[in-house]
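K.L.:
Mind having a look at this structure? Questions to follow.
The values are calculated or read from the model by the stated rules, or taken from the named source; none is laboratory data. This structure is a prediction, so every number in the text was calculated from the model and none was measured. Glycine gets a Cβ as well: all are built from the backbone with ideal geometry, and neighbour counts include every protein chain shown.
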Amino acid sequence: MSTIKDVADRANVSIATVSRVLNNNRYVSPDLRERVQQAIRDLKYEQNVMARNLRRNQSVTLGVIIPDATNPFFAEVTRGVEDVCFERGFIVILCNTSEDTHRAASYLSTLYQHRVAGIVLVTPGDLREELRYHIDKGDPLVLVDRPLPDVPADMVTSDNYGGGYQAIHHLVELGHRRIGLITGGHHLQTTKERYAGVQAALKAAAIPLEPGLVYEQGDYMARSGYEGLAALMQVPHPPTAVFAFNDLMALGALSYAYDHHIHIPDDLSIIGFDDIQASEFFVPALTTIAQPRYELGRIAAELLIDRILGNDHALTNERLPTYLVKRKTTAALVPVNGAHA
Ligand code: RIB
């Protein structure tokens with residue numbers, strides 16, 4: 001049974017390109033589209049396997065485990081997973097862990113006991129022991145968005161380091177040197193990678209990282225962004241710009257700024273991370289670092305179904321690009337009385 005990896009290899013393109021052709025994505029050149037379609041014909045690649053699996057009494061259900069069902073970022077990743085499942089003849093069971101690793105471990109065990117064909121996991125923390133147990137048993141699994149070191153599973157993540165670097169570089173280019181941070185939980189690899197990108201960008205600009213300008217109690221939810229900006233604005237020399245490690249915390253910070261008559265971006269610049277669909281409709285529209293949310297979900301589902309259908313391909317670690325989306329919440333620093341604030 002040919003799989004998407006076989007099609008990608010035959011057409012000499014990435015899995016992401018095959019996924020875009022299958023999804024009729026318009027951003028595929030006619031030449032690439034024809035090469036992929038020819039490979040599909042040559043390999044008799046079959047997208048929808050529900051009827052075949054049901055005839056063989058094989059599961060057509062995938063588990064999707066996410067940390068926060070109220071965060072639009074995870075909804076957009078899940079939509080990519082679910083679209084692929086619909087195209088390929090699978091159905092989804094969605095589980096929310098509320099960022100709790102014990103709950104995630106429980107869902108992993110329960111879903112496999114109920115014979116799901118495989119699981120797409122955004123981990124809420126360190127589940128390496130539990131994941132190695134299931135992988136050793138041969139339970140199909142893919143990690144998306146949040147990687148874990150030393151786990152022999154396919155992973156699909158974004159370039160968090162590059163995104164953190166770009167966020168700071170953008171603010172430095174606008175003349176800011178007193179830059180505040182509202183980070184996510186440092187137990188998460190995504191936070192660590194963004195933070196490393198921040199440190200590298202500050203070092204490149206010869207800007208020292210001031211502990212008083214780093215709020216580390218952020219939890220990727222809006223309220224911690226509100227509380228984070230409140231804390232940052234209490235320091236003797238407040239920042240002129242703030243990088244929130246996700247859009248919901250940036251939204252919380254915008255709310256604090258509104259409540260306290262801090263004009264964005266004239267008095268303070270704010271940049272987020274994710275580019276959830278709503279961020280362009282925040283008031284003012286949020287400048288942010290975009291992650292390919294939908295693609296993360298699509299590629300994770302394609303890799304997982306590949307493995308479920310017996311294609312024991314080499315472990316894959318897809319890292320997708322992040323990029324700056326400039327909107328209305330960041331602006332050049334206006335010197336105060338001739339000096340930089
Ligand atoms: O918004 C939720 C955050 O946690 C995102 O930045 C995503 O990368 C997830 O890890």
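K.L.:
Go through region 258-283 residue by residue and tally those that are away from the ligand (no atom under 16 Å from the Cβ), of a type outside the set (A, V, I, L, M, F, W, C) and in a loop (DSSP other than H, G, I, E, B).
P.N.:
6
K.L.:
Show the residue pairs that are 6+ apart or on different chains and have beta-carbon atoms under 9 Å apart, the first residue being within region 117-142 and closer than 13 Å to Ser106 by Cβ, the second being among the polar types (S, T, N, Q) and crowded, with 22+ Cβ neighbours inside 10 Å.
P.N.:
These pairs meet every condition: Pro124/Thr97.
K.L.:
Here's something else I'd like to know. Out of (1) within 13 Å of the ligand (Cβ to nearest atom); (2) assigned to a loop (DSSP other than H, G, I, E, B); (3) more than 25 Å from Ile262 (Cα to Cα), what's the single condition that is false for Ala206?
P.N.:
(1)
K.L.:
Residues of region 222-257 being assigned to a loop (DSSP other than H, G, I, E, B) and within 16 Å of the ligand (Cβ to nearest atom), which ones?
P.N.:
Phe245, Asn246
K.L.:
Criterion first (within 11 Å of the ligand (Cβ to nearest atom) and among the charged types (D, E, K, R)) does Glu193 satisfy it?
P.N.:
Judged against the criteria, Glu193 is a match.
K.L.:
Separate question: Quick one: would you say Ala167 is buried (at least 18 other Cβ atoms within 10 Å of the Cβ) and assigned by TED's automatic domain parsing to the domain that holds Val242?
P.N.:
The answer is yes for Ala167.
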